[in-house]
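Asks: Can you read through this structure? Questions will come right after.
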Ligand SMILES: C[S@@+](CC[C@H](N)C(=O)[O-])C[C@H]1O[C@@H](n2cnc3c(N)ncnc32)[C@H](O)[C@@H]1O
């Protein structure tokens, strides 16, 4: 972490994402109508981001990216630093596979990607290969417009990095529905499918079509076993109500019980309201599937990071841009007034999230 600070790593990576977002927003918002659509989506994005209808509003994906992406990127970075401090940031021999559930425009996915990429840069500079942790990210996101936005954003990041950071292109894709992810069943299905996959060819000696099995039983098993193996599983602002946890309980239980020792679950979410019950529920699921609590609801915020003022400055820049295209749009709506005031007169403190982290150990701890 001293190396990260001394080399302005967060600042540099933040600038890359902020520049890409700015390019994207200018591409996507060109007219007064576009700007109006963003403002119209602001109240739903702020108050009802756990309702799928919110994302069906034309300007919602962009409003969400404007108001949350950079702030939550920095917040997730801060959360990952806490995992380091708590000694529970997962590492893996060949790099960490990450599952980010309910990715949205990708604040946690980009932060986790950049964090591990930084570690890999550290390994190259110091010659210590154990820190070489190239990340692989799998996003899970339901909403089409949000997926489109993140896809476009990842491509811009890639282009602006002079095509260096190709791992970021994984963020162009997403599994669409968390309810469809059931690792153990999917693996079994894949193994059966591979086991009986045949390659057909024409045998000129016997003058007939013949076929061979493409994989041996061991090969089919090895390929299937690597499906849905994650070392870090992130739920950032996804488990927002008790009924959400209930809906996803079968998937959560399957993924968590299936996770290997050394895997870590990171949950980020709000405070108050339904959250104490949500966290209690998640605690029970994590414990019953062999995870131990490592970070018990510590507060994390972009305000704890060196890019805190940059997050605000980028928000102001977009605000001014919208204002030029659609002066004082939707100004009679209270949530819009709040956002306007934040970016013009009265800057609000950056929000904080609770961070809960759990780790699966190889053997139960004795102390
Ligand atoms: C509140 S947003 C959180 C986005 C991001 N993780 C963050 O921290 O800002 C929740 C996201 O979960 C997505 N979502 C809801 N149900 C889902 C499901 N069944 N499978 C995948 N994504 C889902 C929504 O479309 C939305 O983008």
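Asks: Could you count how many residues in the stretch 146-168 are over 14 Å from residue 114 (Cβ atoms) and either in contact (Cβ under 8 Å) with a residue 12 or more places away in the chain or not assigned by TED's automatic domain parsing to the domain that holds residue 106 (or both)?
Replies: Counting residues in the stretch 146-168 that are over 14 Å from residue 114 (Cβ atoms) and either in contact (Cβ under 8 Å) with a residue 12 or more places away in the chain or not assigned by TED's automatic domain parsing to the domain that holds residue 106 (or both) gives 9.
Asks: Moving on. Determine whether the stretch 239-252 contains at least one residue that is in the same structural domain as residue 98 (by TED's automatic domain parsing), closer than 14 Å to residue 289 by Cα and crowded, with 21+ Cβ neighbours inside 10 Å. Before the answer, list the steps.
Replies: Residues of the stretch 239-252 in the same structural domain as residue 98 (by TED's automatic domain parsing): 239-252.
With the extra rule that they be closer than 14 Å to residue 289 by Cα, the set shrinks to 249-252.
Among the residues that remain, those that are also crowded, with 21+ Cβ neighbours inside 10 Å are: 252.
Yes, the stretch 239-252 contains a residue that is in the same structural domain as residue 98 (by TED's automatic domain parsing), closer than 14 Å to residue 289 by Cα and crowded, with 21+ Cβ neighbours inside 10 Å.
Asks: Still on this structure, please answer the following. Kindly check whether there is at least one residue in the stretch 68-75 that is more than 10 Å from the ligand (Cβ to nearest atom) and crowded, with 18+ Cβ neighbours inside 10 Å.
Replies: Within the stretch 68-75 (the criterion being more than 10 Å from the ligand (Cβ to nearest atom) and crowded, with 18+ Cβ neighbours inside 10 Å), the answer is yes, since at least one residue qualifies.
Asks: Could you list all residues from the stretch 85-118 that are within 13 Å of residue 10 (Cβ to Cβ) and either surrounded by fewer than 24 Cβ atoms within 10 Å (Cβ to Cβ) or more than 14 Å from the ligand (Cβ to nearest atom) (or both)?
Replies: 114, 115, 117, 118
Asks: Go through (1) surrounded by fewer than 14 Cβ atoms within 10 Å (Cβ to Cβ); (2) under 21 Å from residue 71 (Cα atoms); (3) without any contact (Cβ under 8 Å) to a residue 40 or more places away in the chain one by one and return the number of the condition residue 349 breaks.
Replies: (3)
Asks: Please count how many residues of the stretch 288-334 are free of Cβ contacts under 8 Å to residues at least 24 places away in the same chain and touching a strand residue (DSSP E or B) at 6+ places or on another chain (Cβ under 9 Å).
Replies: 0
Asks: From 17, 24, which residue is closer than 24 Å to residue 167 by Cα, more than 11 Å from the ligand (Cβ to nearest atom) and within 17 Å of the chain's Cα centre (by Cα)?
Replies: On the way: 24 fails: within 17 Å of the chain's Cα centre (by Cα).
Checking each option against the conditions leaves just 17.
Asks: Output the residues belonging to the stretch 217-266 that are out of contact with any strand residue (DSSP E or B) (no Cβ under 7 Å at 6 or more places or on another chain) and within 14 Å of the ligand (Cβ to nearest atom).
Replies: Of everything in the stretch 217-266, those that are out of contact with any strand residue (DSSP E or B) (no Cβ under 7 Å at 6 or more places or on another chain) and within 14 Å of the ligand (Cβ to nearest atom) turn out to be 241, 243, 244, 245, 246, 247, 248, 249, 250, 251, 252.
Asks: What number of residues in the stretch 213-238 are touching a residue at least 12 places away in the same chain (Cβ under 8 Å), within 25 Å of the chain's Cα centre (by Cα) and outside any helix (DSSP H, G or I)?
Replies: 12
The values are calculated or read from the model by the stated rules, or taken from the named source; none is laboratory data. Since we're looking at a predicted model, the values are computed, not measured. Positions of Cβ are backbone-derived with ideal geometry, glycine not excepted, and every protein chain shown enters the neighbour counts.
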